[in-house]
Amino acid sequence: MTYIQDAINRGKISGNGHYTHLCQDFFEKRYGFQKCLLTTSCTDALEMAAILLDIQPGDEVIMPAFTYVSTANAFVLRGAKIVFVDSKSDHPNMDETRIEELITPNTKAIVVVHYAGKACEMDAIMEIAERHDLFLVEDAAQAIDSFDGEKPLGGIGHLGCFSFHETKNIQCGEGGMLTINDPQFIQRAEIIWEKGTDRAAFFRGEKNKYGWVDIGSSFLPSELNAAYLWAQLENLDSIQERRKTIWEDYYHFFIHSDREASILQSTYLNQFQEVLEQESLWDSIHVPAIQSSSNAHAFYLVFDSQASRTRFIEGMLAKGILCIFHYQNLQNSEYYQSISSDQRPLPNADKYADCLVRLPLFYELGK
Ligand SMILES: *Cc1c(COP(=O)(O)O)cnc(C)c1O
(Lines give C-alpha, C1' and ligand atoms only; values in the text may rest on other atoms or scores of the structure.)
Protein backbone atom coordinates (compact mmCIF):
# COMPACT_ATOMS: atom_id res chain seq x y z
CA MET A 1 0.00 0.00 0.00
CA THR A 2 2.85 2.37 0.87
CA TYR A 3 4.45 1.97 -2.54
CA ILE A 4 1.18 2.27 -4.41
CA GLN A 5 0.44 5.48 -2.48
CA ASP A 6 3.94 6.69 -3.26
CA ALA A 7 3.46 5.96 -6.98
CA ILE A 8 0.31 8.06 -6.87
CA ASN A 9 2.09 10.86 -4.98
CA ARG A 10 4.78 10.91 -7.65
CA GLY A 11 2.08 12.01 -10.06
CA LYS A 12 2.90 9.43 -12.71
CA ILE A 13 1.09 6.14 -12.73
CA SER A 14 1.50 5.25 -16.42
CA GLY A 15 4.31 2.84 -17.30
CA ASN A 16 8.12 3.04 -17.41
CA GLY A 17 8.47 5.13 -14.25
CA HIS A 18 10.19 4.88 -10.88
CA TYR A 19 8.86 1.46 -9.78
CA THR A 20 9.20 -0.10 -13.22
CA HIS A 21 12.88 0.86 -13.15
CA LEU A 22 13.36 -0.45 -9.61
CA CYS A 23 11.91 -3.84 -10.61
CA GLN A 24 13.85 -4.08 -13.86
CA ASP A 25 17.13 -3.12 -12.17
CA PHE A 26 16.48 -5.66 -9.42
CA PHE A 27 16.25 -8.50 -11.95
CA GLU A 28 19.21 -7.29 -13.98
CA LYS A 29 21.42 -7.12 -10.87
CA ARG A 30 20.21 -10.21 -9.02
CA TYR A 31 20.17 -12.62 -11.96
CA GLY A 32 22.49 -10.92 -14.42
CA PHE A 33 19.81 -10.67 -17.11
CA GLN A 34 21.13 -8.32 -19.81
CA LYS A 35 17.95 -6.30 -20.20
CA CYS A 36 14.52 -6.63 -18.58
CA LEU A 37 11.26 -5.00 -19.61
CA LEU A 38 8.18 -5.31 -17.43
CA THR A 39 5.03 -6.22 -19.35
CA THR A 40 1.37 -6.52 -18.47
CA SER A 41 1.58 -10.34 -18.60
CA CYS A 42 3.72 -13.26 -19.66
CA THR A 43 1.33 -13.57 -22.59
CA ASP A 44 2.44 -10.09 -23.68
CA ALA A 45 6.11 -10.95 -23.17
CA LEU A 46 5.62 -13.99 -25.43
CA GLU A 47 3.91 -11.80 -28.04
CA MET A 48 6.86 -9.39 -27.90
CA ALA A 49 9.21 -12.35 -28.37
CA ALA A 50 7.31 -13.48 -31.48
CA ILE A 51 7.51 -9.96 -32.96
CA LEU A 52 11.22 -9.62 -32.10
CA LEU A 53 12.05 -12.93 -33.79
CA ASP A 54 10.25 -11.60 -36.86
CA ILE A 55 8.03 -14.66 -37.08
CA GLN A 56 6.28 -14.72 -40.47
CA PRO A 57 3.32 -16.72 -41.79
CA GLY A 58 4.49 -20.24 -42.51
CA ASP A 59 7.38 -20.23 -40.05
CA GLU A 60 7.36 -23.24 -37.75
CA VAL A 61 7.82 -23.02 -34.00
CA ILE A 62 8.46 -26.11 -31.87
CA MET A 63 7.06 -26.18 -28.33
CA PRO A 64 5.62 -28.66 -25.81
CA ALA A 65 1.98 -29.71 -26.17
CA PHE A 66 1.54 -29.68 -22.40
CA THR A 67 1.58 -25.94 -21.75
CA TYR A 68 -0.67 -22.94 -21.38
CA VAL A 69 -2.41 -21.58 -24.49
CA SER A 70 -0.41 -18.33 -24.39
CA THR A 71 2.82 -20.10 -25.34
CA ALA A 72 1.22 -21.09 -28.64
CA ASN A 73 -1.11 -18.12 -29.21
CA ALA A 74 1.72 -15.58 -29.23
CA PHE A 75 3.23 -17.28 -32.28
CA VAL A 76 -0.10 -18.17 -33.92
CA LEU A 77 -0.88 -14.43 -33.90
CA ARG A 78 2.16 -13.89 -36.19
CA GLY A 79 0.97 -16.66 -38.54
CA ALA A 80 3.34 -19.38 -37.32
CA LYS A 81 2.63 -23.06 -37.58
CA ILE A 82 2.97 -24.67 -34.16
CA VAL A 83 4.64 -28.06 -33.98
CA PHE A 84 4.09 -29.78 -30.65
CA VAL A 85 6.58 -32.04 -28.86
CA ASP A 86 5.60 -34.66 -26.32
CA SER A 87 6.50 -34.42 -22.62
CA LYS A 88 9.14 -36.62 -21.03
CA SER A 89 7.85 -39.85 -19.50
CA ASP A 90 9.13 -38.80 -16.05
CA HIS A 91 8.36 -35.06 -16.19
CA PRO A 92 5.89 -32.75 -17.97
CA ASN A 93 8.79 -30.81 -19.58
CA MET A 94 9.36 -31.29 -23.30
CA ASP A 95 11.26 -34.42 -24.36
CA GLU A 96 14.49 -33.05 -25.78
CA THR A 97 15.19 -36.30 -27.66
CA ARG A 98 12.08 -35.76 -29.82
CA ILE A 99 12.87 -32.21 -31.00
CA GLU A 100 15.31 -32.81 -33.79
CA GLU A 101 12.99 -35.06 -35.84
CA LEU A 102 10.50 -32.15 -36.04
CA ILE A 103 12.92 -29.60 -37.49
CA THR A 104 12.30 -28.64 -41.14
CA PRO A 105 13.71 -25.84 -43.36
CA ASN A 106 10.80 -23.68 -42.11
CA THR A 107 11.59 -24.07 -38.41
CA LYS A 108 12.44 -20.72 -36.88
CA ALA A 109 12.38 -21.20 -33.11
CA ILE A 110 12.12 -23.59 -30.19
CA VAL A 111 10.11 -22.50 -27.15
CA VAL A 112 10.83 -24.34 -23.92
CA VAL A 113 8.48 -24.25 -20.92
CA HIS A 114 10.05 -24.89 -17.52
CA TYR A 115 7.10 -26.67 -15.96
CA ALA A 116 6.70 -25.96 -12.23
CA GLY A 117 10.03 -24.13 -12.34
CA LYS A 118 12.03 -27.25 -13.25
CA ALA A 119 14.62 -26.56 -15.95
CA CYS A 120 14.26 -28.30 -19.30
CA GLU A 121 17.36 -30.12 -20.56
CA MET A 122 18.89 -26.83 -21.62
CA ASP A 123 22.36 -28.02 -22.66
CA ALA A 124 20.91 -30.52 -25.12
CA ILE A 125 18.25 -28.11 -26.38
CA MET A 126 20.70 -25.22 -26.85
CA GLU A 127 23.02 -27.51 -28.75
CA ILE A 128 20.17 -28.46 -31.12
CA ALA A 129 19.14 -24.79 -31.53
CA GLU A 130 22.70 -23.74 -32.33
CA ARG A 131 23.34 -26.56 -34.76
CA HIS A 132 20.17 -25.70 -36.74
CA ASP A 133 20.52 -21.93 -36.31
CA LEU A 134 17.21 -21.59 -34.45
CA PHE A 135 16.09 -19.04 -31.90
CA LEU A 136 15.44 -20.26 -28.39
CA VAL A 137 12.73 -18.68 -26.22
CA GLU A 138 12.12 -19.65 -22.61
CA ASP A 139 8.58 -19.54 -21.31
CA ALA A 140 9.75 -19.05 -17.74
CA ALA A 141 6.28 -18.08 -16.48
CA GLN A 142 6.65 -20.53 -13.58
CA ALA A 143 10.41 -20.28 -13.24
CA ILE A 144 11.19 -17.13 -11.29
CA ASP A 145 14.23 -17.60 -9.04
CA SER A 146 14.90 -21.05 -10.46
CA PHE A 147 18.16 -22.30 -11.89
CA ASP A 148 19.75 -24.78 -14.24
CA GLY A 149 22.97 -25.39 -12.32
CA GLU A 150 24.33 -21.88 -11.91
CA LYS A 151 22.27 -20.32 -14.69
CA PRO A 152 19.03 -18.53 -13.82
CA LEU A 153 16.11 -19.72 -15.93
CA GLY A 154 14.85 -17.08 -18.32
CA GLY A 155 18.45 -15.95 -18.87
CA ILE A 156 19.60 -18.81 -21.09
CA GLY A 157 17.67 -18.56 -24.38
CA HIS A 158 17.75 -15.53 -26.70
CA LEU A 159 14.62 -14.28 -24.92
CA GLY A 160 12.85 -15.23 -21.67
CA CYS A 161 9.25 -14.58 -20.59
CA PHE A 162 8.08 -14.39 -16.96
CA SER A 163 4.65 -14.09 -15.37
CA PHE A 164 3.61 -12.15 -12.29
CA HIS A 165 0.02 -13.36 -12.49
CA GLU A 166 -1.48 -13.93 -9.06
CA THR A 167 -1.08 -17.71 -9.45
CA LYS A 168 2.71 -17.40 -9.65
CA ASN A 169 5.34 -17.19 -6.88
CA ILE A 170 5.88 -13.44 -7.21
CA GLN A 171 2.86 -11.53 -8.40
CA CYS A 172 1.16 -8.20 -8.95
CA GLY A 173 -2.28 -9.39 -10.05
CA GLU A 174 -1.51 -9.29 -13.75
CA GLY A 175 2.08 -8.75 -14.83
CA GLY A 176 5.03 -10.16 -16.69
CA MET A 177 8.52 -9.49 -17.96
CA LEU A 178 10.59 -10.01 -21.06
CA THR A 179 14.29 -10.74 -20.56
CA ILE A 180 16.53 -10.01 -23.50
CA ASN A 181 19.67 -12.09 -23.34
CA ASP A 182 20.95 -11.41 -26.85
CA PRO A 183 21.92 -7.72 -27.16
CA GLN A 184 20.94 -7.58 -30.87
CA PHE A 185 17.29 -7.43 -29.70
CA ILE A 186 17.53 -4.76 -27.01
CA GLN A 187 16.92 -1.61 -29.02
CA ARG A 188 14.02 -3.02 -30.99
CA ALA A 189 12.46 -4.55 -27.86
CA GLU A 190 12.14 -1.09 -26.29
CA ILE A 191 10.45 0.20 -29.43
CA ILE A 192 7.96 -2.68 -29.66
CA TRP A 193 7.26 -2.24 -25.94
CA GLU A 194 6.38 1.45 -26.43
CA LYS A 195 3.80 0.98 -29.23
CA GLY A 196 6.36 0.99 -32.04
CA THR A 197 7.83 4.36 -31.09
CA ASP A 198 11.31 5.43 -29.98
CA ARG A 199 9.79 7.07 -26.90
CA ALA A 200 12.10 5.29 -24.42
CA ALA A 201 15.19 6.69 -26.17
CA PHE A 202 13.55 10.14 -26.30
CA PHE A 203 12.98 10.17 -22.53
CA ARG A 204 16.60 9.19 -21.95
CA GLY A 205 17.54 12.28 -23.96
CA GLU A 206 19.01 10.29 -26.85
CA LYS A 207 16.51 11.70 -29.36
CA ASN A 208 15.02 15.18 -29.61
CA LYS A 209 11.63 13.91 -30.76
CA TYR A 210 9.93 10.58 -30.94
CA GLY A 211 7.78 8.95 -33.59
CA TRP A 212 6.45 5.82 -35.18
CA VAL A 213 9.40 3.67 -36.24
CA ASP A 214 8.22 0.03 -36.12
CA ILE A 215 5.28 -2.23 -35.25
CA GLY A 216 4.49 -2.58 -31.57
CA SER A 217 1.78 -2.47 -28.98
CA SER A 218 1.13 -1.22 -25.46
CA PHE A 219 3.05 -3.77 -23.44
CA LEU A 220 3.92 -1.62 -20.38
CA PRO A 221 2.24 -2.18 -17.01
CA SER A 222 1.05 0.76 -14.93
CA GLU A 223 3.28 2.04 -12.13
CA LEU A 224 0.57 0.85 -9.70
CA ASN A 225 1.29 -2.75 -10.72
CA ALA A 226 5.04 -2.16 -10.66
CA ALA A 227 4.77 -0.67 -7.13
CA TYR A 228 2.91 -3.77 -5.95
CA LEU A 229 5.51 -5.98 -7.63
CA TRP A 230 8.35 -4.05 -5.99
CA ALA A 231 6.98 -4.87 -2.53
CA GLN A 232 6.93 -8.55 -3.54
CA LEU A 233 10.50 -8.39 -4.82
CA GLU A 234 11.71 -6.86 -1.55
CA ASN A 235 10.27 -9.98 0.14
CA LEU A 236 11.35 -12.46 -2.51
CA ASP A 237 13.59 -14.48 -0.20
CA SER A 238 11.01 -14.90 2.55
CA ILE A 239 8.28 -15.76 0.02
CA GLN A 240 10.50 -18.41 -1.54
CA GLU A 241 11.50 -19.80 1.84
CA ARG A 242 7.88 -20.16 2.89
CA ARG A 243 6.96 -21.91 -0.37
CA LYS A 244 9.88 -24.31 0.02
CA THR A 245 8.76 -25.22 3.54
CA ILE A 246 5.25 -26.04 2.32
CA TRP A 247 6.69 -27.98 -0.60
CA GLU A 248 8.91 -30.05 1.70
CA ASP A 249 6.02 -30.76 4.07
CA TYR A 250 4.02 -32.19 1.17
CA TYR A 251 6.99 -34.13 -0.09
CA HIS A 252 7.76 -35.84 3.22
CA PHE A 253 4.12 -36.72 3.64
CA PHE A 254 3.65 -38.15 0.16
CA ILE A 255 6.89 -40.09 -0.14
CA HIS A 256 5.93 -41.89 3.10
CA SER A 257 9.16 -41.02 4.83
CA ASP A 258 7.47 -39.06 7.56
CA ARG A 259 3.80 -39.63 7.13
CA GLU A 260 2.88 -40.33 10.74
CA ALA A 261 4.79 -37.31 12.00
CA SER A 262 3.29 -35.15 9.25
CA ILE A 263 -0.27 -36.06 10.16
CA LEU A 264 0.33 -35.48 13.83
CA GLN A 265 1.69 -32.02 13.15
CA SER A 266 -0.86 -30.97 10.59
CA THR A 267 -4.63 -31.27 10.58
CA TYR A 268 -4.38 -30.05 7.01
CA LEU A 269 -2.27 -33.00 5.79
CA ASN A 270 -4.49 -35.32 7.78
CA GLN A 271 -7.33 -34.44 5.40
CA PHE A 272 -5.27 -35.81 2.51
CA GLN A 273 -4.59 -38.96 4.50
CA GLU A 274 -8.31 -39.46 5.14
CA VAL A 275 -9.30 -39.07 1.49
CA LEU A 276 -6.49 -41.28 0.17
CA GLU A 277 -7.34 -44.02 2.70
CA GLN A 278 -11.08 -43.80 2.22
CA GLU A 279 -10.77 -43.98 -1.58
CA SER A 280 -7.90 -46.54 -1.46
CA LEU A 281 -5.84 -44.25 -3.63
CA TRP A 282 -2.37 -44.48 -2.10
CA ASP A 283 -1.27 -47.05 -4.67
CA SER A 284 -2.60 -44.95 -7.55
CA ILE A 285 -0.30 -42.04 -6.85
CA HIS A 286 3.02 -41.36 -8.41
CA VAL A 287 5.03 -38.62 -6.71
CA PRO A 288 7.60 -37.40 -9.22
CA ALA A 289 10.99 -37.31 -7.54
CA ILE A 290 12.07 -34.23 -9.41
CA GLN A 291 9.43 -31.58 -9.25
CA SER A 292 9.88 -27.87 -9.08
CA SER A 293 13.58 -27.98 -8.21
CA SER A 294 14.73 -24.72 -6.77
CA ASN A 295 11.72 -22.41 -6.71
CA ALA A 296 8.87 -24.50 -5.23
CA HIS A 297 6.40 -23.19 -7.76
CA ALA A 298 4.11 -26.21 -7.56
CA PHE A 299 3.62 -29.51 -5.84
CA TYR A 300 1.82 -32.02 -8.00
CA LEU A 301 0.84 -35.68 -8.03
CA VAL A 302 0.37 -37.91 -11.06
CA PHE A 303 -2.40 -40.50 -10.71
CA ASP A 304 -2.54 -43.79 -12.59
CA SER A 305 -5.77 -42.80 -14.34
CA GLN A 306 -8.10 -39.90 -14.88
CA ALA A 307 -10.75 -41.74 -12.84
CA SER A 308 -8.45 -41.94 -9.78
CA ARG A 309 -7.62 -38.27 -10.13
CA THR A 310 -11.31 -37.38 -10.25
CA ARG A 311 -12.01 -39.40 -7.08
CA PHE A 312 -9.16 -37.62 -5.33
CA ILE A 313 -10.26 -34.14 -6.42
CA GLU A 314 -13.87 -34.80 -5.41
CA GLY A 315 -12.84 -36.26 -2.05
CA MET A 316 -10.67 -33.24 -1.31
CA LEU A 317 -13.36 -30.83 -2.43
CA ALA A 318 -15.79 -32.45 0.01
CA LYS A 319 -13.30 -31.41 2.71
CA GLY A 320 -13.16 -27.89 1.37
CA ILE A 321 -9.71 -28.23 -0.22
CA LEU A 322 -9.48 -27.25 -3.87
CA CYS A 323 -6.96 -29.27 -5.90
CA ILE A 324 -6.77 -28.29 -9.53
CA PHE A 325 -5.53 -29.69 -12.80
CA HIS A 326 -4.88 -27.42 -15.72
CA TYR A 327 -3.25 -27.86 -19.11
CA GLN A 328 -4.75 -29.97 -21.83
CA ASN A 329 -2.62 -31.47 -24.57
CA LEU A 330 -2.88 -28.44 -26.87
CA GLN A 331 -2.65 -30.60 -29.98
CA ASN A 332 -6.09 -32.03 -29.06
CA SER A 333 -7.62 -28.62 -28.41
CA GLU A 334 -10.63 -27.46 -30.33
CA TYR A 335 -8.77 -24.49 -31.79
CA TYR A 336 -5.65 -26.36 -32.87
CA GLN A 337 -7.73 -29.09 -34.48
CA SER A 338 -9.54 -26.39 -36.47
CA ILE A 339 -6.26 -25.07 -37.97
CA SER A 340 -4.18 -28.24 -38.26
CA SER A 341 -4.55 -31.85 -39.25
CA ASP A 342 -1.71 -32.82 -36.91
CA GLN A 343 -2.73 -35.95 -35.01
CA ARG A 344 0.64 -37.35 -33.96
CA PRO A 345 0.33 -39.39 -30.77
CA LEU A 346 1.71 -37.49 -27.77
CA PRO A 347 1.07 -40.06 -25.04
CA ASN A 348 2.98 -38.33 -22.25
CA ALA A 349 1.25 -35.00 -22.80
CA ASP A 350 -2.06 -36.90 -22.69
CA LYS A 351 -1.01 -38.59 -19.45
CA TYR A 352 -0.20 -35.30 -17.70
CA ALA A 353 -3.35 -33.66 -19.04
CA ASP A 354 -5.49 -36.51 -17.65
CA CYS A 355 -3.67 -37.54 -14.49
CA LEU A 356 -1.73 -34.61 -12.99
CA VAL A 357 -3.15 -32.64 -10.08
CA ARG A 358 -1.66 -29.66 -8.27
CA LEU A 359 -2.04 -29.25 -4.53
CA PRO A 360 -2.69 -25.88 -2.89
CA LEU A 361 0.60 -24.00 -2.47
CA PHE A 362 0.51 -20.35 -1.51
CA TYR A 363 2.25 -18.09 0.98
CA GLU A 364 -0.61 -17.91 3.51
CA LEU A 365 -1.04 -21.70 3.75
CA GLY A 366 -0.29 -22.68 7.34
CA LYS A 367 0.47 -26.05 8.91
C1 LIG B 1 0.89 -18.55 -16.27
C2 LIG B 1 1.52 -18.98 -17.53
C3 LIG B 1 1.47 -18.19 -18.70
C4 LIG B 1 0.63 -16.95 -18.79
O5 LIG B 1 1.02 -15.95 -17.91
P6 LIG B 1 0.17 -14.58 -17.84
O7 LIG B 1 1.08 -13.67 -17.07
O8 LIG B 1 -1.10 -14.89 -17.14
O9 LIG B 1 -0.03 -14.12 -19.24
C10 LIG B 1 2.16 -18.61 -19.82
N11 LIG B 1 2.86 -19.76 -19.83
C12 LIG B 1 2.92 -20.55 -18.74
C13 LIG B 1 3.75 -21.80 -18.80
C14 LIG B 1 2.24 -20.19 -17.56
O15 LIG B 1 2.32 -20.99 -16.49
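The values are calculated or read from the model by the stated rules, or taken from the named source; none is laboratory data. Here the structure is a predicted model, which means the values were calculated and not measured. Positions of Cβ are backbone-derived with ideal geometry, glycine not excepted, and every protein chain shown enters the neighbour counts. Protein only, heavy atoms only, side chains kept; ligands, DNA and RNA dropped before computing areas. Shrake-Rupley method; radii C 1.70, N 1.55, O 1.52, S 1.80 Å.
Take residue 50 and decide whether it is touching an Asp or Glu at 6+ places or on another chain (Cβ under 7 Å), assigned by TED's automatic domain parsing to the domain that holds residue 165 and free of Cβ contacts under 8 Å to residues at least 40 places away in the same chain.
It is false that residue 50 is touching an Asp or Glu at 6+ places or on another chain (Cβ under 7 Å), assigned by TED's automatic domain parsing to the domain that holds residue 165 and free of Cβ contacts under 8 Å to residues at least 40 places away in the same chain.
Evaluated against (1) open to solvent by 10 Å² or more (accessible area, probe 1.4 Å); (2) closer than 24 Å to residue 104 by Cα; (3) within 14 Å of the ligand (Cβ to nearest atom); (4) not basic (Lys, Arg), residue 64 falls short on exactly one condition, (1). Of the candidates 66, 135, the single residue that is closer than 16 Å to residue 331 by Cβ and among the aromatic types (Phe, Trp, Tyr) is 66. Between 112, 69, the distinction of being surrounded by fewer than 16 Cβ atoms within 10 Å (Cβ to Cβ), of a type in the set (A, V, I, L, M) and closer than 22 Å to residue 153 by Cβ belongs to 69 only.
Residues that are among the acidic types (Asp, Glu) and within 30 Å of residue 81 (Cα to Cα) were ranked within segment 293-343; the one that is modelled with the lowest pLDDT is 342. Entry remark, segment 91-116: residues being outside any strand (DSSP E or B), more than 30 Å from residue 297 (Cα to Cα) and either β-branched (Val, Ile, Thr) or in contact (Cβ under 8 Å) with a residue 60 or more places away in the chain (or both) number 2 in total.
Rundown of residues vs (1) farther than 27 Å from residue 234 by Cα; (2) β-branched (Val, Ile, Thr), yes/no style:
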site: 105; (1), (2): yes, no
site: 111; (1), (2): yes, yes
site: 150; (1), (2): no, no
site: 172; (1), (2): no, no
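The lone criterion from (1) out of contact with any strand residue (DSSP E or B) (no Cβ under 6 Å at 6 or more places or on another chain); (2) aliphatic (A, V, I, L, M); (3) under 15 Å from residue 157 (Cα atoms) left unmet by residue 51 is number (3). The single condition among (1) farther than 27 Å from residue 129 by Cβ; (2) of a type outside the set (Asp, Glu); (3) buried (at least 20 other Cβ atoms within 10 Å of the Cβ); (4) away from the ligand (no atom under 16 Å from the Cβ) that residue 185 does not satisfy is (1). Against the conditions (1) in contact with a Gly (Cβ under 7 Å, 6 or more places away or on another chain); (2) of a type in the set (Gly, Ala, Ser); (3) more than 16 Å from the ligand (Cβ to nearest atom), residue 222 satisfies every one except (3). Residue 296 satisfies every condition listed in (1) crowded, with 19+ Cβ neighbours inside 10 Å; (2) on the phi < 0 side of the Ramachandran plot except (2). Within the set 17, 79, 32, the sole residue that is crowded, with 17+ Cβ neighbours inside 10 Å, more than 16 Å from the ligand (Cβ to nearest atom) and in contact (Cβ under 8 Å) with a residue 24 or more places away in the chain turns out to be 17. I'm trying to understand the selection: among the residues of segment 130-141, which are in contact (Cβ under 8 Å) with a residue 12 or more places away in the chain and surrounded by fewer than 23 Cβ atoms within 10 Å (Cβ to Cβ)? Once the filter is applied, which keeps residues that are in contact (Cβ under 8 Å) with a residue 12 or more places away in the chain and surrounded by fewer than 23 Cβ atoms within 10 Å (Cβ to Cβ), segment 130-141 yields 132, 134, 135, 136. Would you call residue 132 out of contact with any strand residue (DSSP E or B) (no Cβ under 8 Å at 6 or more places or on another chain) and farther than 24 Å from residue 337 by Cα? Here the answer is no, as residue 132 does not meet what is asked.
Just one residue in the set 180, 170 is more than 16 Å from the ligand (Cβ to nearest atom), under 30 Å from residue 363 (Cα atoms) and open to solvent by less than 10 Å² (accessible area, probe 1.4 Å); that residue is 180. In segment 142-162, the qualifying residues are those that are in a strand (DSSP E or B) and either among the aliphatic types (A, V, I, L, M) or open to solvent by 10 Å² or more (accessible area, probe 1.4 Å) (or both), and the one that is nearest to the ligand (Cβ to nearest atom) is 159.
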